[in-house]
Amino acid sequence: MPTSHTELTALPVVVPLAAVALAVLLRRLHRRGSLTVLRALVAVVLVGYGAGVLANTLFPITLAAAGPRPPWSLFLNLTPLAGTEPRDMAENVLVFLPLGVLLPLVARLRSWWRVLLVGLLLSLAMELVQLVNALVGHGGHIADVNDLLANTVGAPLGYAVLRAALLLPPLRRLAAAATWPAPAQPTAVGDGGALPPRGASPVISSTIAARSAADGSPQSGA
C-alpha cells in the first residue's frame, strides 16, 4: 500500500526567519552607533550562512506520514569513519570554514580553541536536531558522528585562514573595519599600547599591534 505524506520545505520557513534575524542584527548595530556598510555586509553573510545551514540540517520535515516506521537506530551512526566517504568528510569540513571566519568578526573570539568549541557545540546541536527530526518529524537526515568530527575540524581551519589573511595589511584593515564592536574599554594613556581601530576584534587588534611594532611605527603612550 503506498504511503502518503505532507512535506514542509525550507523556503517558507527559513526565508522569513532569515529576514527577521537580519533586521534584528542591523537594528542592534544601528542602536550602538556602529552600523557601516562592511558590518552590514557581514550581517548579510552571517544570516545567509545560518539560513543555509538550517535549511540543510532540519528540512524537509514530513508532517504526516503513513506506513511502517523504520527503527530509530537507522538514523544514528556513532562509529567514527564508518559508512562515510572522503568527499562527504571534505564537504562537511568546508561547511564550517565560514564559521571560523565569522566568529572573530561577529563574536570577537580570541583563540582557535574557542572557535573549535563553538564549532563542536553547534555541530552537536545540529546532529541532535537531525536525530529528533528523523524520529519525530520523519526527516531524511542521519545523525552521524563523522559529520560532527568534520564540522568541528572545519571551524578552526576557517579561523586559521582568517589569521593568515590578517598578515596582509589591506586585508587586516578591511577585517578591522568589518568587525562588530564590543562594549568600549579604552586603553589608558601611558599603558604603552596603541589604541586599536574602533570596533576591531581582539584577534585583529593584537595582529595590528604586532605588525606595527615590527614595522617600527610609532605608538601612543610613554
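For segment 107-141, the candidate set comprises residues that are part of a helix (DSSP H, G or I) and of a type outside the set (A, V, I, L, M, F, W, C); within that set, the residue that is farthest from the chain's Cα centre (by Cα) is N133. Report yes if E127 is out of contact with any Lys or Arg (no Cβ under 7 Å at 6 or more places or on another chain), buried (at least 17 other Cβ atoms within 10 Å of the Cβ), among the acidic types (D, E) and modelled with pLDDT under 95, otherwise no. The answer is yes for E127. Test L148 against the criterion of being under 30 Å from A178 (Cα atoms), crowded, with 18+ Cβ neighbours inside 10 Å, touching a residue at least 12 places away in the same chain (Cβ under 8 Å) and touching a Phe, Trp or Tyr at 6+ places or on another chain (Cβ under 8 Å), and give yes or no. Judged against the criteria, L148 is not a match.
Do we have any residue at all in segment 169-187 that's under 24 Å from P60 (Cα atoms) and touching a residue at least 12 places away in the same chain (Cβ under 8 Å)? No; the residues of segment 169-187 include none that is under 24 Å from P60 (Cα atoms) and touching a residue at least 12 places away in the same chain (Cβ under 8 Å). Is segment 4-12 home to any residue that is touching a helix residue (DSSP H, G or I) at 6+ places or on another chain (Cβ under 6 Å) and either crowded, with 16+ Cβ neighbours inside 10 Å or modelled with pLDDT of 95 or more (or both)? The answer is yes; a qualifying residue exists. Could you tell me whether segment 84-106 includes any residue that is within 24 Å of the chain's Cα centre (by Cα), at pLDDT below 90 and buried (at least 17 other Cβ atoms within 10 Å of the Cβ)? Yes, there is a match, as at least one residue in segment 84-106 is within 24 Å of the chain's Cα centre (by Cα), at pLDDT below 90 and buried (at least 17 other Cβ atoms within 10 Å of the Cβ). If the condition is being assigned to a helix (DSSP H, G or I), hydroxyl-bearing (S, T, Y) and at pLDDT 90 or above, then segment 45-83 contributes only Y49. Looking across segment 83-120, the residues that are among the small types (G, A, S) and either closer than 26 Å to R39 by Cβ or in contact with an Asp or Glu (Cβ under 9 Å, 6 or more places away or on another chain) (or both) come down to G83, G100, A107, S111, G119.
The values are calculated or read from the model by the stated rules, or taken from the named source; none is laboratory data. Quick caveat, the model's predicted, so the values are computed rather than measured. Every residue, glycine as well, gets a Cβ built from its backbone with ideal geometry; the counts of neighbours run over all protein chains shown.
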